[in-house]
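Every read-out reported here was derived from the displayed coordinates using simple, explicitly stated rules and does not represent laboratory data. None of these values were measured; they are calculated from a predicted model. Note that each Cβ is placed from the backbone with ideal geometry, even for glycine, and that neighbours are counted across all protein chains shown.
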Ligand code: 9MR
Ligand code: ZN
């Protein structure tokens, strides 16, 4: 890794100029609207941009918030429903500007979904689609197999994983699954989501996911086993993707990657059928091949970086949830009883049945089963629905206990904590759809409020959104392009109570409360990287909140 970005001027790092924290994208007219004031106060005003008071109220004392260490007051202005642009004032302090309106989520929904296009690998990004952020074709040369250099594989395409240029199957599958399920569950929100990407005969979000799926198909060996990842030996320096010309490798097959690929291709086969029959058939064949491989290889085959390789490893301790998901999707697609039996035999293995991340895929399997039109046994159906209900109930309690309203305990602020924030939002959305819990909207919106500014640093963790926002993520092209304003719509990893990179270790003082362990600087990969699977749950939550249904 080049040293240049560690050594540059870090004077851009600022703390918020605002003393009152709001969702900087805004609030819909009918939603619960809450600002957080981390200082002693009594009254507040909502003022328009000419300074006229439009609404006034009393603040409420919340108490000490554990994850931030703040003594917190809240201002509830849900009763104010007039569209417009405002700030909150109290005790000589102000909030950032925010909007009230029916369409406040539209732009952030668009941009977080468009982020995937900006991360496309193996093609150039043309000016007509990305404006100033255009760049040349990257990573098109064939990869060689790490363990046998005589084998060469075409693995061009897909999305760059994150701030690095690696492409990892389990991570990519996870992001694709978030987006596919978002479309499946909230189709109305996506039908008019125009992303200004190359047009195909299907909704844009499906075109975008298809780009990743085409790459995933290339990662499958003819015997159905799936290479774990395609990366260079070492992380690239901070250059544009087309300047990263080091040899690309594919790494050994893992059973997690194979099961995940089987699952997502089965899911997608059903979803693309009405738009592209041929693609749907190819996905189905791929799913079958990987499932057959899994049957022949019942043992867990994990992944560790071999010596000389320092890119992401995405190791897992077992593949139970991955296999469970794969069989559940194949059952949902075909109704074939053998897959039902196999799924059932894995269900009791102890993994969370509502997990929605790359290490815990059980929730996708449960969703596959619950949303399937094939026969379900009542006990299993009831048990899985209850699993989502119970998870949501626990998260509501946590959310209510937090002064900032986010469903995170102090210990939950880990590397990429904003992913957990958004995955919790997904649980509220899914529970609403499965169990008709209409409080899901408010709880999901609270998680988004946190992401967009209702947090102890008063920062919006989405690039391009909010008056005080992150702008210097650990993202190679965003550094190398020399453009001051970052590519929009990128979700930063966020606070991490256990900072794990040299820059963060230097700037985050010991004893900093977990919600405040964050710095907006390119150098800090354990606090400020972006990844596809941190963006995708945000798109899911926004899809839910934008959905008319
Ligand atoms: O999100 C991963 C985090 O939990 C790990 O501790 C960390 C170190 O191995 O890796 C993170 O994942 C990174 C991946 O390995 C490569 N692409 C970027 C990911 C986010 O930082
Ligand atoms: Zn690339």
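When the helix-only estimate is applied to the chain (DSSP H runs of n ≥ 4, each -39,500 (n - 2.57), divided by the residue count), what is the mean residue ellipticity at 222 nm, nearest 500 deg cm²/dmol?
For the chain, the value works out to -12500 deg cm²/dmol.
I want to make sure I understand the PRE zone here: with the label point 7 angstrom from the Cα of residue 310 toward its beta carbon, which residues in segment 218-240 have backbone N atoms less than 11 Å away?
From segment 218-240, the list is 234-237.
In nm, give the distance between the simple-model label positions of residue 371 and residue 500, each being 7 Å from the Cα along the Cα-to-Cβ direction.
It works out to 3.0 nm between the two label points.
What full-extension length gain, to one decimal in nm, is calculated for residue 184 and residue 58 as 0.36 nm per residue of separation minus the Cα-Cα distance?
Between residue 184 and residue 58, full extension yields 41.1 nm more.
Need the C-alpha centroid separation for segment 413-488 versus segment 153-211, integer Å.
18
Please rank 487, 530, fewest neighbouring Cβ atoms within 10 Å first, as an exposure proxy.
487, 530
Order these by the 10 Å Cβ neighbour count, fewest first: 228, 149, 414.
Going from least to most buried by this count: 149, 414, 228.
Please give the length that would be gained between residue 233 and residue 76 if that part of the chain were fully extended, namely 0.36 nm times their separation in residues minus their C-alpha to C-alpha distance (nm, one decimal).
Once the chain is fully extended between residue 233 and residue 76, it gains 51.3 nm.
Please order 426, 515 by the number of other Cβ within 10 Å, starting at the fewest.
Neighbour counts put them in this order, fewest first: 426, 515.
At a threshold of 8 angstrom on Cα-Cα distance, excluding pairs fewer than six apart, so keeping six or more, what relative contact order does segment 145-272 reach in percent?
33
List the relative contact order of segment 51-108 as a percent without decimals, with contacts defined as Cα pairs under 8 Å and 6+ residues apart.
22
With a cut-off of 8 Å between alpha carbons and a minimum separation of six or more residues, what is the relative contact order of the chain in percent?
17
So, R0 is 22 Å and r is the distance between the beta-carbons of residue 385 and residue 317; what FRET efficiency does that work out to, to 0.05?
0.20
Does segment 175-261 come out rounded, prolate or oblate, given a ≥ b ≥ c as the square roots of the eigenvalues of its C-alpha gyration tensor, rounded meaning a/c under 1.5 and, failing that, prolate meaning a/b above b/c?
oblate
How far is it, in nm, from the label point at residue 147 to the one at residue 201 when both lie 7 Å from their Cα along the line to the Cβ?
4.2
What FRET efficiency comes out for the pair residue 14/residue 247, r = Cβ-Cβ distance, R0 = 51 Å, nearest 0.05?
About 0.80, to the nearest 0.05.
Once you have the Cα-Cα distance between residue 154 and residue 107, take 0.36 nm times their residue separation minus that, and quote the gain in nm to one decimal.
Roughly 13.3 nm would be gained on extension.
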